[in-house]
Amino acid sequence: MAGRRAFPIIRGLISPSRSRSRLSPFNLFFDSRSVTYMPRPGEGDLRPVTLIPGDGIGPLVTNAVEQVMEAMHAPVYFERYEVHGDMKEVPREVMESILKNKVCLKGGLMTPMGGGVSSLNVQLRKELDLYASLVNCFNFPGLPTRHENVDIVVIRENTEGEYSGLEHEVLPGVVESLKVITKFSSERIAKYAFEYAYLNNRKKVTAVHKANIMKLSDGLFLESCREVATEYPSIEYKEVIVDNCCMQLVSKPEQFDVMVTPNLYGNLVANTAAGIAGGTGLMPGGNVGFEHAIFEQGASAGNVGNEKIVEEKKANPVALLLSSAMMLRHLQFPSFADRLENAVKRVILEGNCRTKDLGGNCTTQRLIDAVIAYVE
């Protein structure tokens, strides 16, 4: 079936287990592979990765990744570039590095409020055509939350919608912001979501929309999702209006599996799901296109500019560590990804070293040391 052809970019984001958060600690950490992964010749060569530490806590958490990668002897090395959110544009040498390496790991970049300064995050996604944002929100064994059995993947269209930045002042005191939705982008994000669900043995895809009000724009998005859904009869397809979606998320999040959304809604849904599952400091994410990928903290890094966390060096590196595990799998290094993910989850399960957002008082370095103890 044509709809089941796997995109190469999706294979790099596949988790080795459908719902590891629901497994027992014994199975989670000591399950062994029955079939050996067979790399193609040359896949073990060192791979260059562009590294952007970013602002605020960014240098702390990207340094955590560097330390863990070194401890694991992971076959990657980093090309570091200083980029900050108050720059007018991403420096050309940084773009050239990403274009060459095809993979980037990034800390949070602050976006100035107002003032006409565009977001560098949006610039990167648009220039590299990173059309799919993926955030995995799931419960961690040993970390109590209000809801259990949460395992949601939010797949968000990343290049258009309200985030297009198409704004202008019609006349003094009147500003117009354009929401752009195209058939092409809606179809490809829907195909990505269904392909992801199919390859990861997920059972349901839910499209999030506001087509009852925005009948043309969100209507086009919804129409595209419906058409693609017919190519995947084995996957259940649902639709939910975005405001009802938020209510359902906070009341019964376990009903959701894979969610596909336009740009703005995806940002809101991913952050809500992250808060429900344990916090934005835990959830991994990536932005991918046909040629390039950028991995970063999955949900909005609201504490990026928190000076107290930076001064006390108590930032939570878990989200970026797990995002770097996604990166390793994207680079075809699944064994290293498994080691890193299992080490992080074991540290959280034991509960002896947690940062403030997880109910502890651990420093970033102490948590890193605990993770390294399990990956070495």
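The values are calculated or read from the model by the stated rules, or taken from the named source; none is laboratory data. Quick caveat, the model's predicted, so the values are computed rather than measured. Here Cβ is always computed from backbone atoms with ideal geometry, including for glycine, and neighbour counts include all displayed protein chains. Heads up: the accessible areas ignore ligands, DNA and RNA and are worked out on the full protein's heavy atoms, side chains in. Shrake-Rupley method; radii C 1.70, N 1.55, O 1.52, S 1.80 Å.
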Roughly speaking, to the nearest percent, how much of the chain's 1.4 Å accessible area is carbon and sulfur?
-> 54 percent
Put one equal scatterer on each alpha carbon of segment 240-376, apply the Debye formula with no solvent term, and list log10 I(q)/I(0) at q = 0.11, 0.19 1/Å to two decimals.
-> -0.46, -1.20
In percent, what relative contact order does segment 226-314 have, based on Cα pairs under 8 Å that are 6 or more apart in sequence?
-> 18 percent
Find how much the distance from His168 to Asn352 grows on full extension, using 0.36 nm per residue of separation minus their present alpha carbon separation; answer in nm with one decimal.
-> 61.0 nm
Provide Rg and Dmax in Å for segment 260-301, with only Cα atoms included in the calculation.
-> 10.9, 33
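Which chymotrypsin sites (Phe, Trp or Tyr not before Pro) in segment 213-274 pass both tests, a DSSP loop state and at most 11 other beta-carbon atoms within 10 Å?
Values: sites: Phe221, Tyr237, Phe256, Tyr265; in loops: Phe256.
Answer in residue order: no site qualifies.
For segment 229-288, what is one quarter of the convex hull surface built on the Cα atoms, given in nm²?
For the Cα atoms of segment 229-288, the hull's average projected area reads 5.1 nm².
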GluC sites (Glu not before Pro), restricted to segment 148-218: which are DSSP loop and have at most 16 other Cβ atoms within 10 Å?
-> Glu148
Which value in nm describes the separation of the simple spin-label points at Lys88 and Asp45, placed 7 Å from the Cα toward the beta carbon?
-> 3.9 nm
Relative to the Cα centre, what is the charge dipole magnitude of segment 58-190, using +1 at the beta carbon of each Lys and Arg, -1 at the beta carbon of each Asp and Glu, and rounding to the nearest 20 debye?
-> 220 debye
Phi to ³J(HN,Hα) by Karplus 6.51 cos²θ - 1.76 cosθ + 1.60 over segment 83-94, Hz, x for Gly, Pro = 10, 10, x, 8, 6, 6, 7, 5, x, 4, 5, 6
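Going by the alpha-carbon gyration tensor, a ≥ b ≥ c the square roots of its eigenvalues, is segment 71-149 rounded (a/c under 1.5) or, if a/c is not under 1.5, prolate (a/b greater than b/c) versus oblate?
oblate
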Relative contact order of the chain, pairs being alpha-carbon contacts under 8 Å that are 6 or more residues apart, as % = 23 percent
Partner lysines whose C-alpha sits under 29 Å from that of Lys183, ignoring same-chain residues fewer than 8 away, are Lys102, Lys126, Lys191, Lys203, Lys204, Lys210, Lys215, Lys238
Globularity ratio of segment 146-283, using Cα Rg and 2.2 N^0.38 Å = 1.09
Add +1 for every Lys or Arg and -1 for every Asp or Glu among the other residues with Cβ under 14 Å from the Cβ of Arg354, and state the total.
-> +2
Selected from Thr36, Phe78, Asn263, residue furthest toward positive end of dipole (the chain; charges at beta carbon) | Thr36
Segment 43-86 shape via C-alpha gyration tensor axes, a/c threshold 1.5 | oblate
In segment 208-293, trypsin sites (Lys or Arg not before Pro) in a DSSP loop with at most 14 other beta-carbon atoms within 10 Å | Lys215
Residue-span extension gain [Lys313 to Glu227] - 0.36 nm each, minus C-alpha spacing = 26.1 nm
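Taking every DSSP beta bridge with both residues inside the chain, roughly what % is antiparallel (nearest 5)?
Around 45 percent antiparallel, to the nearest 5.
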So, with points 7 Å from each Cα along the Cβ direction, the Gln365-Glu70 label distance in nm works out to 1.3 nm
Quick one: Kirkwood hydrodynamic radius for the chain, alpha-carbon pairs, angstrom, one decimal?
-> 21.1 Å
Cβ-Cβ cut-off under 15 Å around Val83, Lys and Arg +1, Asp and Glu -1: the net charge is -4
Rounded to whole Å², per residue accessible area for the chain with a 1.4 Å probe reads 44 Å²
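Once you have the Cα-Cα distance between Glu148 and Asn244, take 0.36 nm times their residue separation minus that, and quote the gain in nm to one decimal.
So the chain would gain 32.5 nm between Glu148 and Asn244.
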Cα-based shape type of segment 208-261, given that a ≥ b ≥ c are square roots of the gyration tensor eigenvalues and the cut on a/c is 1.5 = oblate
What does the helix-only formula give at 222 nm for the chain: each DSSP H stretch with n ≥ 4 adding -39500 (n - 2.57), the total divided by the residues, and the result rounded to the nearest 500 deg cm²/dmol?
-> -12000 deg cm²/dmol
